[in-house]
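No value in this document is a laboratory result; all are computed from the given coordinates. This one's a predicted model, so the numbers in the text were calculated from it and none came from an experiment. All Cβ positions, even for glycine, are placed from backbone atoms using ideal geometry, and neighbour counts span all protein chains on display.
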Amino acid sequence: MGKCCKLLVALAILVLTSSQCVAASLDDYYLEAFGLKTDTILAKALLDVQFVEAKPVKCNTDLKHSLRRDWNNLESSTQAALKTVLDTPPVLAAPAIVISSGGHFRIHYSTTVDGAPDLAAINKYTGLNLASYDAWASMVGDIFETVYNYYVQHGYHMPPALPYDVYMHTPIRSGRLVYGLTSDLNPVPSASYPHAFSSFIEVNKDFTADVFQPTIYTPLQNMEVTAAHEFHHAVQFGYNGFFDYWYAEMTSTWFEDEVYDDVNQSYEYLDSYLLYQTNAVSLTAPRDGATEYGRWIFNRSLAEEHNTVDVVRSIWERLAKVSPLNSADINMVPVIEASLHAAPYNSSLATDFWTFLKKLYTRDWTTHPADLARIIPPTMLGNYNAYPVPSHTVILPSYSFAFYRFIPSSQPLTVTLNKTSGIQATLFKKVNGAFSEVPPDAGGNSFTVSDFATMNALTDEVVLLVANTTTLDGHQVSFSTDGSPSAVSSPVVSSGGGGGGGGCFIATAAYGSYLHPKVAELRAFRDHYLLTNAPGRLFVAAYYRLSPPIADVIARHEWMKSGVRCLLLPLILAVEHPAAALGVLLLVVVLGLRQGVVFLKGRAREAAAA
Amino acid sequence: MSSGLRFCLVALTVALTCLTAHAFAKKPLELWSFFYYDGTAFVAGRPAPLTPFVAVRDGFLPVVETREERITEVKMPEGTGALVGICYVQSHGGKLQASGGYDPVPMLPVQVLSGDKAVAAAQSDSNGYFVVNLPPGTYRISGNNRFTEVTVAKGKVIFAPLRVGKRMVD
């Protein structure tokens, strides 16, 4: 064999070997990360439970996501070993199980050094003297039994498939620790609960990390409120797995304080809802990971208004019978509305929301009196001490509110309003710590505080509360103290095509498909350049009012489509090539001006010659 | 008319003609529309680099790719349509940090049902996506005991996001 040939063979072997090494390192990485690494490749191929070492477990979602991404690069034996990892529930290394005292829960935990609860830290923060993982797991089981009994006593239907599985480990989302996760497992339909799902819970194994503030809330307290919170999600899955998550979070967070009144962690979340800076927050907003935890306070108001916590259960019971539309989550607003309309409540969401808002200011809470100070007063969007106050307009999303404070001055106060139909408004007076509502003047569009000048500017105040108590975003109210509030306009009811992925009707009709690249260009232009400013939004609203009938005609006449496509070309050119379009436009303007000047000079010459 | 003005008019005409021709010109990639799954729906546009997207073109099978240059044209069989979907677990919430989002579910068997009869089967790829070529009609797509209903039209591509799990974070 020649030298060249040998060199080539050596190179080939080197390349093959290194690729094997790379493959092996990726396989080993995942096997090790999930605590499934064995000593030899052969052992890996013949993977069996007995070969599994007690390795640090990292059963977190992000790692699983990476595993899914790299799945095709793994050896088939590795894929076989890790397939169980991708299946929920989590796989714990060196697992152990404790059955709770009431038999309703299986508490799973890991007994590896890194995967097990930190007993020393738990003991340090709680003053307990736990000697074994088993003792902590039993204690956790007792907590879940307490929560279970609370919900049973309050008439809740328990989730299917008991005993219920609870996994103690270190759940992580988006690279951060979380208190707990509740995930659905399988549909378990029954006659009363046709859309029920079984589920399982993952909770932090000991809540001793700084992020859980163990010096403020002991690991035991954190476990208590997390159990109350997560197990209500399990109850919710048992009612109807297609629940709307904002109300699910509102309910679970509310129950933290109902089941464990002494922990008071839920009050910390009120800031996100009540202390906003500029934009009012909708009670029903589908916002993620923020205000929905603070909105639990509305459930307390509901329970107080109707003298029973059962009012919230009635909402979940009603949801149980509602069928999802093509497996989409169910809008909770009509469900809440229907529950409140029904006997014995005979109310409405608008009525109860308005009552709740008044209570936010007057602080007329009737339950949990020891915790009243924990409910922070809501943000005042405006504080006025110079009069007259010129017209100020606020646009409110569905079921949202705004407060404005008027500090007493040496003259009477009349607040005049101009509002659209979905706005409710009232004016409060606080004198010597006592709250009262100022009756509206004749006509209902103004409020006069005749003793404003005699009120104490340091302790007294007048507060305007305005709220959108409808399901429609964009109701407006304008107010002033000089009698001239600005004009307001009613919100536009979307025709289904505006914004966020809706259709450009005419272009869609002309190009024949929503998917056409040119239609996509126009949509992107609308979303990025028109819907981001007020004039653009006005244009889009007008377009969506006018265009559907035109689009309908175009869609029904093939010959019109090509003509409209030609007419749309300049617009598409401008969207695709804004710089070129601007250049052409400027060129046309310059040429036009030049032509005009030439024309005028010619006329002048003709006049001079004449 | 002065020669300067004539020159400008010619230049304007040439510029407009070029731009119009450019807009009409159909380069291969411009024939495709690009979509990606944003956690709630398939939306028009291109996602972050190397993130999977769906290239869609009427009359052709949709392509799930991470690089545009790798898109290959495959005509739909005569009289059929296609659906492209993604299997995912949806997450909501997060007390300490907003942690909503979705996790694609790879290697998940997906069934296409017409009535109660299975008419096609697929498996989600490593990014959770699946593509099925079907005759026109209404179908139920099933994965992990969850369903979604879709209507396939001749020569068209439709999207079928299939939520196969739901998770409450905190």
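Using all alpha carbons of the stretch A:223-273, what is the percent of pairwise distances in each 5 Å bin, ordered from the shortest bin to the longest?
5, 21, 31, 22, 14, 7, 0
Taking 26 Å as the cut-off for C-alpha to C-alpha distance, list the pairs among A:Lys321/B:Lys166; B:Lys75/B:Lys166; A:Lys321/A:Lys419; A:Lys359/A:Lys419; A:Lys205/B:Lys95; A:Lys430/B:Lys95 that go past it.
Pairs exceeding the cut-off: B:Lys75/B:Lys166; A:Lys321/A:Lys419; A:Lys430/B:Lys95.
Under the rule of at least 5 residues apart or a separate chain, name every residue whose amide H is placed under 5 Å from the amide H of A:Val438.
Placed amide hydrogens put A:Leu427, A:Phe428, A:Lys429 under 5 Å from A:Val438.
Could you state the principal axis extents of the C-alpha atoms in the stretch A:88-241, from the largest down, to the nearest angstrom?
Taking max minus min along each principal axis of the Cα atoms, the stretch A:88-241 gives 49, 31, 26 Å.
When averaged across all projection directions, what area in nm² does the alpha-carbon convex hull of chain B cover?
Approximately 15.3 nm², given one-decimal rounding.
State the percent of C-alpha pairs, over all pairs in the stretch A:122-167, separated by a distance greater than 12 angstrom.
Every Cα pair in the stretch A:122-167 considered, those over 12 Å come to 71 percent.
Can you give me the Kirkwood hydrodynamic radius for the stretch B:66-117, using every pair of distinct Cα atoms, in Å to one decimal?
About 15.4 Å for the stretch B:66-117.
State the Cα centre-to-centre distance between the stretch B:131-170 and the stretch A:309-358 in whole Å.
30 Å
Under a straight-distance cross-link criterion of Cα-Cα below 19 Å, which aspartates and glutamates are reachable from B:Lys154, leaving out those fewer than 8 residues away in the same chain?
A:Glu558, B:Asp58, B:Glu73, B:Glu78
Return A:Ser486, B:Ser124 ranked ascending by Cβ neighbour count within 10 Å, so the fewest neighbours appear first.
A:Ser486, B:Ser124
Starting from one equal scatterer on each C-alpha and no solvent at all, send me the Debye-based log10 I(q)/I(0) for the protein assembly as shown at q = 0.05, 0.07, 0.08, 0.10 Å⁻¹, two decimals.
Log10 of I(q)/I(0), two decimals: -0.37, -0.69, -0.87, -1.20.
Quick one: Karplus J couplings for the stretch A:440-453, per residue in order, coefficients 6.51, -1.76, 1.60, θ = phi - 60°, nearest Hz, x for Gly and Pro?
With coefficients 6.51, -1.76 and 1.60, one gets x, 6, 4, x, x, 9, 8, 10, 10, 10, 6, 9, 4, 5 Hz.
Could you put A:Tyr109, A:Tyr156, A:Tyr399 in order, starting from the residue whose Cβ has the fewest other Cβ atoms within 10 Å?
Ranking A:Tyr109, A:Tyr156, A:Tyr399 by Cβ neighbours within 10 Å, fewest first, gives A:Tyr156, A:Tyr109, A:Tyr399.
Between A:Leu531 and A:Ala574, how many nm apart are label points set 7 Å from Cα along the C-beta direction?
Spacing of the two 7 Å Cα→Cβ label points: 2.1 nm.
Can you give the mean number of other chain Cβ atoms that lie within 10 Å of the Cβ atoms in peptide B:101-109?
4
Each residue of the stretch A:341-356 in turn: what ³J(HN,Hα) in whole Hz from Karplus with 6.51, -1.76, 1.60 and θ = phi - 60°, glycine and Pro shown as x?
Here the 3J(HN,Hα) series is 5, 6, 5, x, 7, 6, 10, 8, 5, 4, 5, 6, 5, 5, 4, 4 Hz.
Between B:Val10 and A:Ala604, what is the FRET efficiency for a Förster distance of 45 Å, r being their Cβ-Cβ separation, to the nearest 0.05?
0.95
Residues of B:143-152, mean number of Cβ from any other protein chain within 10 Å of their own Cβ, rounded to a whole number?
3
Classify the stretch A:238-362 as rounded, prolate or oblate, taking a ≥ b ≥ c as the square roots of the eigenvalues of its Cα gyration tensor: rounded when a/c is under 1.5, otherwise prolate if a/b is larger than b/c and oblate if not.
The shape class here is rounded.
I'd like the projected area of the stretch A:380-480, averaged over all directions, using the convex hull of its alpha carbons. Report it in nm² with one decimal.
Averaged projected hull area, Cα only: 6.0 nm².
Using a Förster radius of 30 Å, what is the FRET efficiency between A:Arg405 and B:Ala41 based on their Cβ-Cβ separation? Nearest 0.05, please.
0.10
Hey, how many Å between the Cα centroid of the stretch A:518-594 and the Cα centroid of the stretch A:98-120?
63 Å
Within 10 Å of each Cβ in peptide B:38-45, how many partner chain Cβ atoms are there on average? Round it to a whole number, please.
Going residue by residue through B:38-45 and averaging, the value is 4.
Return one number: the angle in degrees, 0 to 90 and rounded to the nearest 10, between the long axis of the Cα atoms of helix B:3-24 and the longest principal axis of the Cα atoms of chain B.
The answer is roughly 20 degrees.
Can you give the extra length, in nm with one decimal, that the chain gains between A:Gln277 and A:Ser76 once fully stretched, where that is 0.36 nm per residue apart less the Cα-Cα distance?
Fully extending the segment from A:Gln277 to A:Ser76 adds 66.9 nm.
Fewest Cβ neighbours within 10 Å first, please rank B:Cys18, B:Cys8 accordingly.
B:Cys18, B:Cys8
Report the extension gain between A:His368 and A:Glu32 in nm, rounded to one decimal, defined as 0.36 nm multiplied by the number of residues separating them, less their alpha carbon distance.
116.0 nm
Please list, in order, the residues from the stretch A:389-417 whose amide nitrogen is less than 11 Å from a point placed 7 Å along the Cα→Cβ vector of A:Ser484.
Answer for the stretch A:389-417: A:390-391.
Give me the distance between the Cα centres of the stretch A:171-196 and the stretch A:228-264, rounded to whole Å.
12 Å
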